[in-house]
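Below is one structure, written out as structure tokens; the observations come after it.
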Amino acid sequence: MCSQNCLSHTTGEKQIRKWIEPMRTQFRKLEEYYAVFLASLKSSMHYKTDIALSLIFRISTALLLIFVWTVIFASSGANSLNGLTLPFVYAYFFLVAAMSLFISSEVHITMQDDIREGTIASSLVRPVNYITQLVLNSFGDMFIFIIFIGIPILIIGLLLAHVSVSPTTALLFVGEIILGNIFLFILMFLIGMAAIYFTHIWGLSWVAYAVIGLLGGAVLPLNFYPSAVQNIIFLTPMPMVFYTPISTLLGTISMQSAANSMIVTLLWIIPFAALVSYLWNRARKNITSAGG
Amino acid sequence: MRQIGVVMQDNVVIQVDNVNKRFKTYETKGRGIVASLFRKQYFKKALTNVSFSVKGGELAALLGRNGSGKSTMIKILMGILFPDSGRARVLGMDPWKDRIKLASQIGVVLGAHSQLYWNLPAIDTFEFMRHIHHIPESMFRKRLKYFVKALNLEKVYKRQARQLSLGEQMKCNFVASVLHAPRIVFLDEPTIGVDLPSKLALRKVILEMQSQGTTFVLTTHIVEDIMIAQRVIILDKGRKMFDGKREELEKLFGDKRHVDIFFTPGSRINFSRFGRILNSENGFVRLEIEKEGIKSKKFMELLGNDDILDYKITDPGMNYVLSKLFKSYDRRKANKEMD
């Protein structure tokens, strides 16, 4: 045991501690985040068959769309449609298949169960913010899928279109994905929060998926829409979920429009996040979590 | 161990003042398919003006029937539920505002919601807790060794949690929730599905932790579980009915004894002279008498009577006191509604 003396400090030491203490606190937080992430990651590894089946499913959806587009190109007789050649369309839908992993994150379903069954209690006994836990859990759940499904499909897509990716483009792509996913998370969180009032949110989430699919460019590359519609869509953060990152990687949009799109998304995210966090702080007072 | 919370006056660690909480619920009118579309919304009062305090190192039981509001109370103290009115303080902190800070000072065992990661062995959840509560490695090993031995978990904690029996899960859940040596431990129905040897082991661990200064608040509807508590708070329909020492509760209706008497059928002994008749059949009677009455001459003579074939004197115990308490409460309430 340490005696009273060795616990006191000189003024200089105190000054240093004053600097170190916040850093230590940050480090402690990182350890907590790492633990939450790791536990989700380990949990997801138990679903090996799920990972394999998911790979097959995603490739087959991409193949299905590719068949459709091959027929469209053949019947039109053109070499390129709206500036996209057939190999690029192939690549586009492979990339959609890879990116749709992010859509499959189940933040809203977790929230629905947490609120409806009262399992939120087991998250709230931990000294970590609930929202942080949700983010880390969904990232931990997705991680293995990204490594074993997302990246291979992405590489297949790039090989199909014979695209070589510069480090700058890759970096931009990653940045866009992060932005798009922040938006996606806030949106899904908002839907999950609705469970406090509606209990079931399946219907709501399917509407959201349909909207994201249509406006985000998962169903059809956005440059196939009439320009008036495009103008409106590009004022929303939706393209950041599929279209903008994919087009950036394939080199079919300019750096300038990619940057514009990122700014638009940022301008949406900040007030949207503030609003949702305000709503959450009000709404969580209404969680009843009966039974248990 | 870092001590964040302020120690309140008189070593009070939990202070609850006039807490109210009501829930919105729905009731379906009628029974048909169409009727299920029309629900009537109404408010159910889960807690009405509940006040109590718990001192550091106490082992307090929150007892009540199903739906009495005891889990709601615990959830308010954990910072999961927000009270409509009133004030709750745990270690000097507002549980709702300081939930994260408080979470490292308290441990919560929820019988209905396990802390364990289902896909992982319990040891992985323990490791998770080590990181999340920043338990020093050596301390972690020491505590884990103790719990594994005390709760007989050697063959359990390395298996996937979903494959464990209910009782094994509960024991692992307990360990996961107290590894960080919290100052207060909340136990919400911790003995669901736990077999007797495990229950006794858990009890021993709880008492050992208490002797080292840990405060326990236990909710349960199982009377046996409160026998380790020194303090009992009874909630019913959201109101506090009783708050005091367990011995006081046991003697709430006086110190009574139950006497089962078997006698020759047809004999004409007037038993009501000796005490209250609780139960009577041909050749059998159960009397309730004051403890002192047992040694009275009058009673001795009764037992010596030739018609008495056999007798048994028992302490009616907690179960009896509680059923009587709840019955009297229900009766009072029924009378009130009649007026």
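The values are calculated or read from the model by the stated rules, or taken from the named source; none is laboratory data. The structure displayed is predicted, hence computed values, not measured ones. Cβ atoms come from the backbone with ideal geometry, glycine included; neighbour counts cover every protein chain shown. Quick note on the areas: whole protein, heavy atoms, side chains included, nothing else; ligands and nucleic acids left out. Shrake-Rupley method; radii C 1.70, N 1.55, O 1.52, S 1.80 Å.
Would you mind counting up the charge near B:E247? Only other residues with Cβ under 12 Å from its Cβ, with Lys and Arg at +1 and Asp and Glu at -1.
Counting the neighbours of B:E247, the net charge comes to +1.
Angle check, please: helix A:48-76 long axis (alpha carbons) against the longest principal axis of chain A (alpha carbons), in degrees 0 to 90, nearest 10.
Helix A:48-76 sits roughly 30 degrees off the main axis of chain A.
Considering all alpha-carbon pairs of chain A, what whole percent are spaced by more than 22 angstrom?
Summing the P(r) tail past 22 Å for chain A gives 66 percent.
Please tell me which of these pairs span more than 24 angstrom C-alpha to C-alpha: B:K45/B:K336; B:K251/B:K324; B:K204/B:K245; B:K101/B:K237?
From the list (B:K45/B:K336; B:K251/B:K324; B:K204/B:K245; B:K101/B:K237), the Cα-Cα distance tops 24 Å for B:K101/B:K237.
Taking only Cα atoms, what is the 0 to 90° angle, nearest 10, from helix A:167-193's long axis to the longest principal axis of chain A?
So the inclination is approximately 70 degrees.
When only alpha-carbon atoms are used, what values of Rg and Dmax, in angstrom, describe the protein assembly as shown?
Looking at the protein assembly as shown, its Cα Rg and Dmax stand at 32.3, 117 Å.
What figure in square angstrom, to the nearest 10, would you give for the accessible area of B:F186 with a 1.4 Å probe?
0
Which trypsin sites (Lys or Arg not before Pro) does the range B:239-339 hold that lie in a coil by DSSP with at most 14 other beta carbons within 10 Å?
Within the range B:239-339, the qualifying trypsin sites (Lys or Arg not before Pro) (loop, at most 14 other Cβ atoms within 10 Å) are B:K251, B:R268, B:K291.
What is the log10 of I(q)/I(0) for the range B:89-201, computed with the Debye formula using one identical point scatterer on each Cα and no solvent, at q = 0.10, 0.16, 0.17 Å⁻¹?
Listed by q, the Debye log ratios stand at -0.28, -0.72, -0.81.
In terms of solvent-accessible area of protein heavy atoms at a 1.4 angstrom probe, what is the ranking of A:H200, B:H113, highest value first?
A:H200, B:H113
Given q = 0.07, 0.10, 0.11, 0.13 Å⁻¹, what are the Debye log10 I(q)/I(0) values for chain B, with equal point scatterers placed on the Cα positions and solvent ignored?
Computed log10 I(q)/I(0) values: -0.41, -0.75, -0.86, -1.04.
Using the Cα atoms as the points, what is the convex hull volume per residue of the range A:79-175 in Å³?
Expressed per residue, the convex hull around the Cα atoms of the range A:79-175 is 132 Å³.
For the Cα atoms of chain B, what angle does the longest principal axis make with the long axis of helix B:166-178, in degrees from 0 to 90, nearest 10?
Its long axis makes an angle of about 60 degrees.
Kindly report, to the nearest 10 Å², the accessible surface of B:E248 as traced by a 1.4 Å probe over protein heavy atoms only.
100
Within 13 Å, Cβ to Cβ, of A:V128, how many net charges do the neighbouring residues add up to if Lys/Arg are +1 and Asp/Glu are -1?
Around A:V128, the surrounding residues sum to +3.
For every other residue with a beta carbon closer than 14 angstrom to the beta carbon of B:N282, add +1 if it is Lys or Arg and -1 if Asp or Glu, then tell me the sum.
Spelling it out: positives minus negatives among the neighbours equals 0.
Give the ranking of A:I16, B:I261 by solvent-accessible surface, highest area first, calculated with a 1.4 Å probe.
In descending accessible area the options line up as A:I16, B:I261.
Within straight cross-link reach of A:K48, meaning Cα distance under 27 Å, which lysines are found once same-chain residues fewer than 8 apart are removed?
B:K155, B:K158
Roughly to the nearest percent, how much of the accessible area of chain A is carbon and sulfur, given a 1.4 Å probe?
Solvent-exposed carbon and sulfur of chain A make up 71 percent of the total.
Taking H as built 1.01 Å from N, whose amide H comes closer than 5 Å to the amide H of B:F242, not counting residues under 5 places away?
Those qualifying (amide H under 5 Å, at least 5 residues apart or on another chain) are B:I234.
Of all beta bridges DSSP finds with both residues in the protein assembly as shown, what is the antiparallel percent, to the nearest 5?
70
Which residue, B:M209, B:M129, B:M300, tops the fluctuation ranking in a GNM of chain B built on C-alpha contacts under 10 Å?
Result: B:M300 has the largest fluctuation of those listed.
So for the range A:110-235, averaging the separation of alpha carbon pairs under 8 Å that are six or more residues apart and normalising by length, what relative contact order in percent results?
Result for the range A:110-235 is 33 percent.
Kindly report the accessible area of the range A:25-286 per residue (heavy atoms of protein chains, probe 1.4 Å, no ligands, DNA or RNA), in Å².
With all protein chains present, the range A:25-286 gives 47 Å² per residue.
Checking the table B:K24/B:K256; B:K40/B:K70; B:K240/B:K295 against a 32 Å threshold on Cα-Cα, which pairs fail?
In this structure, B:K24/B:K256; B:K240/B:K295 exceed 32 Å between Cα atoms.
Given a cut-off of under 8 Å on Cα pairs at least six residues apart, what relative contact order in percent is computed for chain B?
18
Leaving out ligands, DNA and RNA but keeping every protein chain, what accessible area does A:S227 have, in Å² rounded to the nearest 10, with a 1.4 Å probe?
80
Can you pull out the chymotrypsin sites (Phe, Trp or Tyr not before Pro) in the range A:70-143 whose DSSP state is coil and whose Cβ has at most 15 other Cβ atoms within 10 Å?
Answer in residue order: no site qualifies.
Can you list the residues of the range B:109-148 that have at least 40 square angstrom less accessible area with all protein chains present than in their chain by itself, probe 1.4 Å?
When all protein chains are present, B:H113, B:Q115, B:Y117, B:N119, B:L120, B:F128, B:H131, B:I132, B:H134 each give up 40 Å² or more of accessible surface.
Please state the relative contact order of the range A:25-286 as a whole percent: Cα pairs under 8 Å, 6+ residues apart?
23
Before we go on, tell me the buried accessible area for the B/A pair, both chains summed, 1.4 Å probe, in Å² to the nearest 100.
Counting both chains, the buried surface is close to 3100 Å².
Of all accessible surface on the range B:256-318 at a 1.4 Å probe, what whole percent is carbon and sulfur?
Using a 1.4 Å probe with all protein chains present, the range B:256-318 comes out at 46 percent carbon and sulfur.
Using C-alpha positions alone, give me the convex hull volume of the range B:256-318 per residue in cubic angstrom.
Cα convex hull per residue, to the nearest whole number: 73 Å³.
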